[in-house]
Number of protein chains: 2
Amino acid sequence: MKLSTKGRYAVMAMTDLAGHADRRAVSLAEIAERQQLSVAYLEQLFARMRRRGLVVSARGPGGGYRLARPAEETTIAEVVTAVDEPLRATRCGGKDGAIGCMRGGARCLTHDLWEETGRQIQDYLASVSLADVLSGHLRREPAVAA
Amino acid sequence: MKLSTKGRYAVMAMTDLAGHADRRAVSLAEIAERQQLSVAYLEQLFARMRRRGLVVSARGPGGGYRLARPAEETTIAEVVTAVDEPLRATRCGGKDGAIGCMRGGARCLTHDLWEETGRQIQDYLASVSLADVLSGHLRREPAVAA
DNA sequence: AGGAAGACCGAGTAATTTAGTCAACTATGC
DNA sequence: GCATAGTTGACTAAATTACTCGGTCTTCCT
Ligand code: FES
Ligand code: FES
């Protein structure tokens, strides 16, 4: 899994966008101002998110970005994977190129562990939407006693 | 969260150790041989794990390492945090030094999200023991319908 | 006693990744 | 037609990571 600051910034920006998108488009300059980030850097992030279909853009004066889908339907997992590219948790990446730990053809003992870990993170982030973050509604497992 | 290759190597080595420790101590040279890692690198990893009390060492000929506790009681979370040091998921690290995203005194909207994400990963890794990995017994949540 | 096995330690380096910048281009609205 | 704002791609600087090296200290065996 990645979880780099790049992904964090993307989520911050998207949350900001979700919170200030009342009908009109929001310019990167606005977001940069509010979140204390450089416009140039945000451009990079939004370019990727646009390609993934998370946001739509409008050029020219009064232009900017807006969410492609309502905040309730856009998950954190989508945002993170959009900017951080691959979500590889295993070392071999699923390929059996025998580069790393995979020798002879059998996967190493830890392979399944990392794969499952990646799935675990993915599942959690996919269960949280931008709207959840905005409202502070984070799902904490009911904690079945202890 | 970290999840670096360093942590992965540590888990590989520990799993190997757990699988080959029948009474006698296991030397790093053996592990290096089996897992295709350099002895020098393993020394680094085991030094930290020893300080955390995960393994015990014996010097001199016939010496080596062995698990401090049975494989069932040593979790992956312990191994990973031993070699990867801090498990900080948030950008601010909990401190309100106002360095990063924390401005004015209020935590940014995403703060809780990352904190919860970190907890999620931690919880999962803490639920898996070396013995589980060795036996391929990885807990997959029962998946409550869908 | 002495030599070899093997843990122990700290500094140091090389490679990779990440974060962030810049300049030039294109479309749009007034 | 000019200002606004997104689009693109290459480029650099900083940080982190992975990994090595030289040397020391202990213990066992002969
Ligand atoms: S992680 Fe895939 S074979 Fe080791
Ligand atoms: S992550 Fe802690 S304030 Fe933003």
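Bear in mind these aren't lab numbers, they're just calculated from the coordinates by the rules spelled out. Model, not experiment: these values are computed from the prediction. Methodologically, a virtual Cβ is constructed for each residue, glycine included, from the backbone with ideal geometry; neighbour enumeration extends over all protein chains shown.
Would you confirm, using the coordinates I've provided, whether B:Leu54 is crowded, with 17+ Cβ neighbours inside 10 Å, within 26 Å of B:His137 (Cα to Cα) and over 14 Å from the mean Cα position of the chain (by Cα)? In short, no. For B:Glu85, the conditions (1) surrounded by fewer than 18 Cβ atoms within 10 Å (Cβ to Cβ); (2) over 30 Å from B:His111 (Cα atoms) all hold with the exception of (2). Please go through the stretch B:30-51 and pick out each residue that is more than 12 Å from DNA strand D (Cβ to nearest atom) and over 14 Å from the mean Cα position of the chain (by Cα). Passing the criteria: B:Glu30, B:Ile31, B:Glu33, B:Arg34.
In summary, B:Met14 fulfils each of the numbered conditions (1) within 13 Å of DNA strand D (Cβ to nearest atom); (2) within 14 Å of chain A (Cβ to nearest Cβ) with the single exception of condition (1). If you check every pair at least six apart or on different chains, which have Cβ atoms under 8 Å apart with a residue in the stretch A:31-54 that is assigned to a helix (DSSP H, G or I) first and a residue that is basic (Lys, Arg) second? From the stretch A:31-54, the pairs are A:Leu45/A:Lys6.
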